[in-house]
Amino acid sequence: MKKNKEKGILIVISGFSGAGKGTVIRELIKDTRYAFSISATTRQPRVGEEEGVHYFFLTREKFTEMIGKNEFLEWAEFCNNYYGTPKKYVENQLLQGKDVILEIEVQGALQVKEIFPECVLIFITPPTLKELQHRLESRGTEEISVVQQRLCRAREELTYMQDYDYIVINDILEDTIEIIENIVVAEHCKMSRKGYIIEKLKGE
Ligand code: 5GP
């Protein structure tokens, strides 16, 4: 636990499928001050994805059972698959003072904001939707029909962007990472998190 009793910050990162969130987050979590929450999903693993590293890959039955046992902080259906954040890991890491990163879609992000109003919602977007299409197609991990489905979904997600605290345009990777790190530093300095220092100073 940090000496100053501060809990970690819950950082929720969303963005259109293909916006480059994965790469950004991989870079961020090289810093051990962050803990990354591994989600559960019912989608099939992509080539190269590993159980317990990229996701916990579950059957629909197992996922539904976990919903019933209230084991998710949030969950949502996205393009015909379920995705959810296991609750225990997030709570433990926050208590230990780690800044916990969730990489989740918009419906889940808004559920988290209701439960943890002090969380920070960051939306990562490519400069244009054309660029998004290009990135999704050149990634080559999904069939054309799935790419189309994800582009449609991106248009729906546009309507939720206004509920986020920050929008970050992911053009140059290093800049994106720097911006997010600056957001986190500023969030740690907010009066709502650092107000206890006033009392401490008064007591000197
Ligand atoms: P993908 O299939 O591309 O890995 O993920 C599809 C979408 O699901 C992405 O927008 C990703 O952020 C989101 N996602 C991943 N894990 C979770 C989760 O635990 N909860 C929610 N609500 N969305 C998630």
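The values are calculated or read from the model by the stated rules, or taken from the named source; none is laboratory data. Bear in mind that the values here come from a model prediction, so they are computed numbers and not experimental data. Cβ: placed from backbone, ideal geometry, glycine included. Neighbour counts: every protein chain shown.
If you check residue 139 against the conditions, is it of a type in the set (Lys, Arg) and in contact with a Gly (Cβ under 8 Å, 6 or more places away or on another chain)? Yes: the conditions hold for residue 139.
Which residue out of 148, 162 is surrounded by fewer than 19 Cβ atoms within 10 Å (Cβ to Cβ), over 24 Å from residue 11 (Cβ atoms) and among the polar types (S, T, N, Q)? First the steps, then the outcome.
Working: 162 fails: over 24 Å from residue 11 (Cβ atoms).
Answer to the selection: 148.
Scanning the range 60-77 for residues that are over 15 Å from residue 12 (Cβ atoms) and in contact with a helix residue (DSSP H, G or I) (Cβ under 7 Å, 6 or more places away or on another chain) turns up just one, 71. Screening residue 155 with (1) modelled with pLDDT under 95; (2) charged (D, E, K, R); (3) within 12 Å of the ligand (Cβ to nearest atom) gives one miss only, at (3).
With respect to being within 14 Å of the ligand (Cβ to nearest atom), free of Cβ contacts under 8 Å to residues at least 60 places away in the same chain and hydroxyl-bearing (Ser, Thr, Tyr), residue 85 fits the description. The residues on offer are 13, 67, and the sole one that is within 11 Å of the ligand (Cβ to nearest atom) and either of a type in the set (A, V, I, L, M, F, W, C) or touching a strand residue (DSSP E or B) at 6+ places or on another chain (Cβ under 9 Å) (or both) is 13.
Look at the range 88-110 and say how many of its residues are among the small types (Gly, Ala, Ser) and within 15 Å of the ligand (Cβ to nearest atom). Total meeting the criteria: 2. Can you pull out the residues in the range 72-82 that are more than 8 Å from the ligand (Cβ to nearest atom) and surrounded by fewer than 16 Cβ atoms within 10 Å (Cβ to Cβ)? 77, 80 - these are the residues of the range 72-82 that are more than 8 Å from the ligand (Cβ to nearest atom) and surrounded by fewer than 16 Cβ atoms within 10 Å (Cβ to Cβ).
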